[in-house]
1. Order 144-155, 214-225, 332-343 from most to least packed using the mean count of other Cβ atoms within 10 Å.
2. With a cap of 13 neighbouring Cβ atoms within 10 Å, and only residues DSSP puts in a loop, list the GluC sites (Glu not before Pro) found in the range 17-111.
3. Under a cut-off of 23 Å between alpha-carbon atoms, report the lysines in cross-link reach of Lys244, not counting same-chain residues fewer than 8 places apart.
4. Could you derive backbone 3J(HN,Hα) for the range 318-332 from the dihedral phi with the Karplus parameters 6.51, -1.76 and 1.60 (θ = phi - 60°), listing whole Hz in sequence and x where the residue is Gly or Pro?
5. Pop out the ³J(HN,Hα) list for the range 74-85 in order, Karplus 6.51 cos²θ - 1.76 cosθ + 1.60 with θ = phi - 60°, rounded to Hz; leave Gly and Pro as x.
6. Just tell me which aspartates and glutamates come within less than 19 Å, Cα to Cα, of Lys40; anything on the same chain fewer than 8 places away is out.
7. Any chance you could list P(r) for the range 309-379, counting all Cα-Cα pairs in 10 angstrom bins from zero, rounded to whole %?
8. Which whole-number value in Å³ per residue fits the convex hull of the alpha carbons of the range 1-145?
Amino acid sequence: MNSKDSDHLSSRLPGFYELPIGERVNLAKTFASLSDNDAKNLSQFNTISPELADVFIENAIGTFSLPLGVATNFLINGEEVLIPMAVEETSVLAAASHGAKLARQGGGFDATSSEPVMTGQIQLFLKSHVDFDAILVEHRQTLIDYANRGQDRLLARGGGAKALSWRHIAEENLLILHLDIDTRDAMGANIVNTMCERVSGLMPELFHCDIGLRILTNLTDKRTAKAQCTIPPQAFDSKEFCGKEVVDRIEKAYRFAFHDVYRATTHNKGVMNGIDPVVIATGNDWRAIEAGAHAFAARSGIYRPMTHWRIDGNGNLCGVLELPMAVGTVGGVTKLHPTAQAALKLLGNPNARKLSEIMCCVGLAQNLSALRALASEGIQKGHMSLHQKNLEMMKRQGATRY
Ligand code: MEV
């Protein structure tokens, strides 16, 4: 690589990935005229070693730290759980813990999950008129068996391709196959994509077609987790507010989100405030979880709140959250990242289903806590008292306050 100073102003840096990390940092430093201190901060390694960072991603120059905290008070299916959360937003941990404390007064959270079934899509461009229904019905099992070839370890654990379905997009004469695969404790993206690519190879023998995309869908609506809680109104009693009134206002806040997409978006951001930090702390793919969650929230054709709140006949507040939750506890970053490993241990080494249930409970707790504050004293009181520490730190560092 040519490392003349004048070249550094271009972001075109062929061979960057082959350089030692120190040289990558120096190039970035020169490119943006960074101070020695900036360069040092960009290139911090602690739990993730330079070798590991280089394995995780290309062009690594450092690692990025986030605060890691522990949310308290969670009682899930009768079990006490401490929740590791990696997040930069000041009030998230306190809010999750508070939501869990409220839920505890009604016995905590009940959580369930489906089998860990992911879906892969295969896009086929039909080139002639064929009775694809008849052909696929006849060959369905052969295709499933073919997908499972070479997946002995997954099959031994009870996983593997389980079902094949399809739909025709008439406007484009496209046939879309859906291959459902139980990936057990893996998130499973690689398993799904490998199987889809394999099965697609058989398609031209079955129909006159070209093969398009072969990729998992992140709308994993066959791999969901569900969390529920029922909380007596007294749990919401405070000096300033009567619990019954707060419960009533929380239910009305939910109805606002149900009927208004602007509010639903913020409501759902609050749900993901709880889920993403656990997904990150356990080394899982939070972009996949975000994409699936928002698509699921819009599955009726209208974007709705992810949680559902109602008041039962005894005046209790009842909450439910069900979301696609494709997370793993084996493989990839989950296994290699030392902090993710420790976070999973803190959670009692759950399998993937149990982890997805825990995450769903945290999302429900987080939403409950936000709605409680919004429906009573407002969000800023608690938020600003926590944020004050940030402001004081900024003042000490001489940073501009907006
Ligand atoms: C802030 O990060 C999240 C909230 O805006 C969520 C909500 O409004 O429900 C407080």
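Taken together, the values in this text are just the output of simple stated rules run on the coordinates, not laboratory data. Every value quoted in this text rests on a predicted model; they were computed, and no experiment measured them. Every residue, glycine among them, receives a Cβ derived from its backbone with ideal geometry; neighbour counts consider all protein chains shown.
1. 214-225, 332-343, 144-155
2. Answer in residue order: Glu58, Glu88.
3. Of all the lysines, those that pass the test against Lys244 - Cα under 23 Å, at least 8 places apart if same chain - are Lys101, Lys252, Lys381.
4. Each residue's phi maps through the Karplus curve to give 10, x, 9, 9, 10, 9, x, 8, 8, 10, x, 10, 10, x, x Hz.
5. 7, 10, 10, 6, x, 9, 7, 9, 9, 10, x, 9
6. The qualifying aspartates and glutamates are Glu23, Glu51, Asp54.
7. All Cα pairs considered, the percentages come to 17, 35, 26, 18, 4.
8. Residue-normalised Cα hull volume stands at 280 Å³.
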